[in-house]
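Read through the structure below, which is laid out as structure tokens, and then see the notes.
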Amino acid sequence: MEPLTLGGLAALCLILLLLSGMPVAFALGFTAILFLLIYDGIAAFAVVADTLFASLDEFALLSIPMFLLMGAAIAASRAGADLYEALDRWLYRVPGGLLVSNIGACGIFAALTGSSPATCAAIGKMGIPEMRKRGYPASLATGSIAAGGTLGILIPPSITMIVYGISTETSIGRLFAAGLLPGLMLIGLFIGWSLLYAHLKGYRFTEENKHFSLREKLIILPKVIPFMIIIVLVLWALYGGVATPSEASGVGALVCILLVMIIYKVWQPGKLWQIVGSATRESVMLMMIIGMAGLFSYMMSNLYIAQGITEYIAAQELSPWLLMLYVNLFLLVAGFFLPPVAVILMTSPTLVPIVMQAGFDPIWFGVMLTLNMEVGLITPPVGLNLYVINGIVPDVDLKTVLIGALPFMFCIFIGIGLLILFPEIALWLPEVLMGSVQ
């Protein structure tokens, strides 16, 4: 059977299993084992365990549970609420300050946790009720938080960047640096659209009856600044070559737990156990997806599917930019049905050699891929952030959340276009901080 036909059958089998409600990790593993059994027979079982182990036998993967533990500690405290409150106190007189506070808090909290759902939950619980109380429509209130939560997979430290770096053997430190300016660009685009929409609809920007004294503004900063310092130190350790991602994430997780214990008085063993349990559950889920995606990639390579797809694309002799258009469309569709980690693990081993052969930088492509995955977080049928927001404010139906998030999706498309036109947005900072790649 032709590799492309075989690949189509494997994709169809995977989609049917996902539509049945089977967890992503098991759907990937079942599809891989099924096709290996069909073409290699019972001997295929001899490689399953070794392939799974090899997929997880990577020291850099230790940074994933550590960053998740760091995020779980922060998410379990009032850090998100205090961050939101601090920004609101400083920006309440700025035109559209509440919108700026919401999206800015999402960006900062994303850098603290590296998790989109955690960002949506932490900032949404405070931001959405406050915006609705002040007269903003439910669609704008929920859509801005859902979109702001997507920053969790782009702004460093990002779990998806770690996974991409490991699967493509690309510097994680450079990927983190490459995601910073595009992340700030997206924050600017999100804020710009929010302010424009509110202005066109005639919503009041400033709170005339509200006033915070300088003392009230300063008193909350000691609860927020230590966590900001952690972000700076972790990134400095990575960019400065002081520590590996695994070492930096381990120290960051320990310091975050200590800060939560000291600042928010989270001393109870039960609460600390909940933090560790939450990080463990998410870590196991991600590791299962990573392991099974490795097995799926092995099946694609062993049955010559990946190589066949590469050869077919190369034979088309497409121009580099037309190729990139097709790649982006493919990634967008994949992101509609699969979580970002699964898409990265399944596609990057095949796509990265193709885009590099076309003359594109793998660091730049990692940021492009992540931006495409952000779209999937706010679009159905998966749209994880939409469901998180709907869970926070169940009186707002999913359709309203989706309508509010759609303009922000177009902001991400604008960001992708700007990144295509000006690759330096992603590549300038890594070169400044870490030098040119030889």
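Some points to look at:
- Test result for Ile191, in a helix (DSSP H, G or I), of a type in the set (Val, Ile, Thr) and either free of Cβ contacts under 8 Å to residues at least 24 places away in the same chain or closer than 30 Å to Met292 by Cβ (or both): no
- When the residues of segment 237-268 are filtered to those that are outside any helix (DSSP H, G or I), closer than 24 Å to Leu83 by Cβ and among the hydrophobic types (A, V, I, L, M, F, W, C), the one that is farthest from the chain's Cα centre (by Cα) is Trp267.
- The residue of segment 392-416 that is nearest to Ile378 (Cα to Cα), among those that are free of Cβ contacts under 8 Å to residues at least 60 places away in the same chain and assigned to a loop (DSSP other than H, G, I, E, B), is Asp397.
- Within segment 98-119, the set of residues being of a type outside the set (Ser, Thr, Tyr), assigned to a helix (DSSP H, G or I) and under 12 Å from the mean Cα position of the chain (by Cα) comprises Gly107, Ala110, Ala111, Pro117, Ala118.
- Considering segment 39-98, the residues that are of a type in the set (Ser, Thr, Tyr) and closer than 24 Å to Glu130 by Cα include one that is modelled with the highest pLDDT, namely Ser77.
- Test: residue in segment 14-27 that is under 21 Å from the mean Cα position of the chain (by Cα), modelled with pLDDT of 85 or more, surrounded by 12 or more Cβ atoms within 10 Å (Cβ to Cβ) and among the aliphatic types (A, V, I, L, M): yes
- Residue in segment 131-168 that is farthest from the chain's Cα centre (by Cα), counting only those that are farther than 19 Å from Leu87 by Cα and hydroxyl-bearing (Ser, Thr, Tyr): Ser139
Here is a yes/no grid of residues against (1) crowded, with 18+ Cβ neighbours inside 10 Å; (2) of a type in the set (D, E, K, R); (3) under 16 Å from the mean Cα position of the chain (by Cα):
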| site | (1), (2), (3) |
| --- | --- |
| Met368 | yes, no, yes |
| Gly383 | yes, no, yes |
| Gly415 | yes, no, yes |
| Trp428 | no, no, no |
| Glu431 | no, yes, no |
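- Qualifying residues in segment 279-297 (those that are modelled with pLDDT of 85 or more and hydroxyl-bearing (Ser, Thr, Tyr)) - the one surrounded by the fewest Cβ atoms within 10 Å (Cβ to Cβ): Thr280
- Cβ-Cβ under 8 Å pairs, at least 6 apart or on other chains, segment 261-283 side closer than 29 Å to Leu61 by Cβ, far side of a type outside the set (Val, Ile, Thr) and in a loop (DSSP other than H, G, I, E, B): Met261/Trp267; Val266/Ala76; Val266/Ser77; Lys271/Ala76; Gln274/Ala76; Ile275/Ala76; Ser278/Ala76; Glu282/Ser115
- Considering Gly152, Gly127, Gly165, Gly135, the condition of being more than 21 Å from Gly250 (Cβ to Cβ) and either in contact with an Asp or Glu (Cβ under 8 Å, 6 or more places away or on another chain) or crowded, with 24+ Cβ neighbours inside 10 Å (or both) is satisfied by Gly127 alone.
- Some residue of segment 381-389 being assigned to a loop (DSSP other than H, G, I, E, B), more than 22 Å from Gly179 (Cβ to Cβ) and without any contact (Cβ under 8 Å) to a residue 12 or more places away in the chain: no
- Test: Thr379 is surrounded by fewer than 19 Cβ atoms within 10 Å (Cβ to Cβ), under 21 Å from the mean Cα position of the chain (by Cα) and among the polar types (S, T, N, Q): yes
- Top-ranked residue of segment 206-227 - restricted to ones that are touching a helix residue (DSSP H, G or I) at 6+ places or on another chain (Cβ under 7 Å) and of a type in the set (A, V, I, L, M, F, W, C), ranked as surrounded by the most Cβ atoms within 10 Å (Cβ to Cβ): Phe227
- Tally, over segment 2-61, of residues that are at positive phi and part of a helix (DSSP H, G or I): 1
The values are calculated or read from the model by the stated rules, or taken from the named source; none is laboratory data. A quick note: this is a predicted structure, and the numbers were derived from the prediction, not measured. Neighbour counts are summed over all protein chains in view; Cβ atoms, including those assigned to glycine, are modelled from backbone coordinates with ideal geometry.
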